[in-house]
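Take a look at the structure below.
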Amino acid sequence: MQSLLHVAAMAPMSIPSPSWSGFDIPLPWGTLRIHAYALCILLGIILGLWLTAVRWKRRGTPEGSLWDIAIWAIPFGIVGGRLYHVISSPDAYFGPGFNGTGDLSLIPQIWRGGLGIWGAVVLGVIGAWIGCRRSGVKLTAFLDAAAPGLLLAQAIGRWGNWFNQELFGGPTTLPWGLQIDPNSPNFPAGMPSDTLFHPTFLYESLWNIIGVVVLLVLDRRFHFRRGRLFWLYAIYYTLGRVWIEALRIDDAEQINLFGITTRLNVWTSIFVFVAALIIFIALSLRGRPEPDSAYLPGKKPAADSSADETAAAAEPNGTIVTDTKAHDTDGSVSDTGAHGNLRNNQSDLGHTAEPTETAEESHAGVTSDSGSASTETSASSAPGSGPEAGSTK
């Protein structure tokens, strides 16, 4: 026990920031810089797509439709995320107070960090809508399938902030405080070099991973449809984002509403939470609809008619009755329904005559399964048999 306490006492009482933030690939004309931030985003996208693919396949959707949607949703989401970040933190790009002293060339340099989730979600949904229309599936069905994967992608992508030493919270003395390199341009001016900060990237990553589990468990229990799981994702995420965002001390656009001045992302999270909660309740109050298909109206593939006909023709004991529809296609009529509708010389068109021995056995009282079916069918087509008379057509 004493040795364990000694090890615990020797363990670092803080989270160090990495000194590594990427690597270079030599090329004939120079080097290609691969940033750790970009790798985290890419890994998050891959894992999010994997989870979405598993859930999307269970909905019986067209094979390959997920990738047709993803090629629209992912680029739209990245562009939207960057635009939202530029709007919510404009000083670096336009200068303080939009005085023109910023650097507009920084806007496309997303490897430096800066992707706003709300811009990514809004434009990403627009891109997904385009992909869904082209694939013949419902946007709401895709959003329900993708909600846990989206949260998983956010959980992984947040570690890019750790590599960039950015978007941390205020000073803290907690044992999991985050170390920031004093020489980093993101280190707050005027603070002691040994100051520890709230690791907000870690808070949000853990919050999102827990959310993935919560969404999967709730969806397994309640089978949310019509976009309700997506709105539940928005409710859960914003509930955590409000308090996590309030801890951060990086530069951000400040908005004054109702006499309260706080970060734009805080207000956005509050408004999204309220809107998502109202929409979720409204959809839930509509009651349970008919079984919800993932396909758009008129886009669902036709069922295998031959399998349906075979199942419908099966007797309770497993005997299969002659498929009269197949004979109708040939223009010939089966022996089971011919005697009540055609002349004797047309009753066996397209059929091979039964052997003489079989006919004699039949007259002798030996009846085969096919003979039973023929007898039943002939009886049903006799005059006066009612609505069943036309069932063999």
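Structural remarks
- Close pairs from the range 32-57: first without any contact (Cβ under 8 Å) to a residue 60 or more places away in the chain, partner open to solvent by 50 Å² or more (accessible area, probe 1.4 Å) and small (Gly, Ala, Ser), Cβ under 8 Å, at least 6 apart: none
- Options Arg225, Arg220; residue that is open to solvent by 60 Å² or more (accessible area, probe 1.4 Å), under 30 Å from Gly298 (Cα atoms) and touching a residue at least 40 places away in the same chain (Cβ under 8 Å): Arg225
- Restricting attention to the range 243-252, the residues that are open to solvent by 60 Å² or more (accessible area, probe 1.4 Å) and either under 23 Å from Leu143 (Cβ atoms) or touching a residue at least 40 places away in the same chain (Cβ under 8 Å) (or both) add up to 2.
- Residue in the range 50-59 that is under 26 Å from the mean Cα position of the chain (by Cα), within 26 Å of Thr268 (Cβ to Cβ) and not basic (Lys, Arg) present: yes
- Pairing each residue of the range 253-275 that is charged (D, E, K, R) and assigned to a strand (DSSP E or B) with any residue that is open to solvent by less than 70 Å² (accessible area, probe 1.4 Å) and modelled with pLDDT under 90, provided the two are 6+ apart or on different chains, yields C-beta distances under 9 Å for Arg263/Ser88; Arg263/Ala252; Arg263/Glu253; Arg263/Ile255.
- Residues in the range 261-304 that are within 25 Å of Lys138 (Cβ to Cβ) and modelled with pLDDT under 90: 21 in all.
- Some residue of the range 19-26 being more than 21 Å from Ala252 (Cβ to Cβ) and open to solvent by less than 60 Å² (accessible area, probe 1.4 Å): yes
The values are calculated or read from the model by the stated rules, or taken from the named source; none is laboratory data. From a predicted model like this one, the values you see are computed outputs, not experimental measurements. Neighbour counts run over all protein chains shown; Cβ positions are idealised from the backbone, glycine included. With ligands, DNA and RNA removed, areas are computed over all heavy atoms of the protein, side chains included. Shrake-Rupley method; radii C 1.70, N 1.55, O 1.52, S 1.80 Å.
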